[in-house]
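**Student:** Mind having a look at this structure? Questions to follow.
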Amino acid sequence: MRPTDIVVVGKIQTAHGLRGLLKVRSFTDPPNNFAKYSDCYISKNNGSDWRASVISSVSKNGNSFLVEIENITNREQALAIKSELIGVGRDKLEEVGSGEYYWTDLVDCSVENGEGFQFGKVDRLIETGSNDVMEISGTQGERLIPFSGDYLVSVDIDQRLIVVVWEPDWN
C-alpha cells in the first residue's frame, strides 16, 4: 500500500506493563472510533514508510487506549515501537458528510481569500475547543486561520484549494 493510501489514526505513546501492551493516543474523532480498526500499519519514519500489523485488542484507559498488536509480546518489543504512528487504509474510513473533511485531506491545500491573495498551504490543523484552526505556512510566514463556517467560503479537496474570508493584514 502506498503511504498516501494510509491515514494516521493514532500514535504509540509507550509500553504498558510487561506483556507487550501499548498505550496509544487516538487521533480519531470521536476518539473511540480508534477501536474500530484491526488491520493497521505502523510507521517509524513519521508516515514515510509503513509495515502491516494487526491489532488484537483495544481497551479504553483514561484518555488513551491500551492496545495489543500481534507479535508484540513483551515490554522490550513494545518500547521498540514507542512514538510510532498507527495508520489504517483510507478504504477503511467512513464516508464524510457534506461540509465535513478528514484533516489529512486538508493538509497541503492552498489557502487564499476571495480576492486571490495566497496565504500559503495548510501545515496542520489544531483543535482549540471552540473551532479548529489551520496552521498555514507561506511566503509571509506562518498564520493561523479558523477552520469554521464564519471564515470558509469553499473547500475543494480535488483542486487542493481552501478559500477564506480573511484579509492579508489580519494576524
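**Student:** I need the trypsin sites (Lys or Arg not before Pro) found in segment 1-95, filtered to DSSP loop residues with at most 15 other beta carbons within 10 Å of theirs.
**Tutor:** R19, K44, K82
**Student:** Go through segment 98-112 residue by residue and turn each phi into a ³J(HN,Hα) via Karplus (6.51, -1.76, 1.60, θ = phi - 60°); whole Hz please, and just put x for glycine and proline.
**Tutor:** Coupling constants for segment 98-112: 4, x, 10, 9, 7, 3, 4, 7, 8, 4, 6, 6, 6, 10, 9 Hz.
**Student:** On full extension of the chain, what length is gained from V153 through E76, given 0.36 nm per residue of separation minus the C-alpha to C-alpha distance?
**Tutor:** In short, 22.7 nm is gained.
**Student:** May I ask you to derive the relative contact order of the chain, considering only C-alpha pairs under 8 Å and at least 6 residues apart, and to give it as an integer percent?
**Tutor:** 18
**Student:** So what is the calculated 222 nm ellipticity per residue for the chain, using -39500 (n - 2.57) for each DSSP H run with n of 4 or more, over all residues, to the nearest 500 deg cm²/dmol?
**Tutor:** Computed ellipticity for the chain at 222 nm equals -1000 deg cm²/dmol.
**Student:** Can you give the longest stretch of the chain with no exposed loop site, where a site means GluC sites (Glu not before Pro) in a DSSP loop (not H, G, I, E or B) with at most 15 other C-beta atoms within 10 Å?
**Tutor:** For GluC sites (Glu not before Pro) (loop position, at most 15 other Cβ atoms within 10 Å), the longest site-free span of the chain is 1-69.
**Student:** Probe radius 1.4 Å, ligands and nucleic acids left out: which of W103, W166 has the largest accessible area, and how do the rest follow?
**Tutor:** W103, W166
**Student:** Below 27 Å, Cα to Cα, which lysines can K82 reach? Residues fewer than 8 away in the same chain don't count.
**Tutor:** K11, K23, K36, K44, K60, K92
**Student:** Assuming a ≥ b ≥ c are the square roots of the Cα gyration tensor eigenvalues, decide whether segment 111-171 counts as rounded (a/c under 1.5), prolate (otherwise, with a/b larger than b/c) or oblate.
**Tutor:** Judged from the Cα gyration tensor, segment 111-171 comes out rounded (a/c under 1.5).
**Student:** With only Lys, Arg, Asp and Glu charged, each at its Cβ (+1 for the first two, -1 for the last two), find how big the charge dipole of segment 1-74 is about the Cα centre; round to the nearest 20 debye.
**Tutor:** 200
**Student:** Now for a different question. When a/c reaches 1.5 or more, the comparison of a/b and b/c decides; with that in mind, is segment 80-124 rounded, prolate or oblate per its Cα gyration tensor?
**Tutor:** oblate
**Student:** Moving on to the next point. For segment 39-99, how big is Rg over Rh, using alpha carbon atoms and the Kirkwood form of Rh?
**Tutor:** Taking Rh as the inverse mean 1/r over Cα pairs, Rg/Rh reads 1.02.
**Student:** Springs between alpha-carbon pairs under 10 angstrom, Gaussian network model over the chain: which of D105, D150, D49 fluctuates most?
**Tutor:** D150
**Student:** If the elastic network links every pair of Cα atoms under 10 Å, which of S26, S137, S98 fluctuates the most in the Gaussian network model of the chain?
**Tutor:** It is S98.
**Student:** Same structure again: Under a 10 Å cutoff between Cα atoms, tell me which one of G99, G17, G47 has the largest fluctuation in the Gaussian network model of the chain.
**Tutor:** Answer for the Gaussian network model of the chain: G99.
**Student:** Rounded, prolate or oblate, given the Cα gyration tensor of the chain, with a/c below 1.5 counting as rounded?
**Tutor:** prolate
**Student:** What does the charge dipole of segment 25-150 about its Cα centre add up to, to the nearest 20 debye, if the Cβ of each Lys and Arg holds +1 and the Cβ of each Asp and Glu holds -1?
**Tutor:** Result for segment 25-150 is approximately 600 debye, rounded to the nearest 20.
The values are calculated or read from the model by the stated rules, or taken from the named source; none is laboratory data. Everything numeric in this text was worked out from a predicted model, so none of it was measured. Neighbour counts are summed over all protein chains in view; Cβ atoms, including those assigned to glycine, are modelled from backbone coordinates with ideal geometry. The area values use the complete protein model at the heavy-atom level, side chains included, leaving out ligands, DNA and RNA. Shrake-Rupley method; radii C 1.70, N 1.55, O 1.52, S 1.80 Å.
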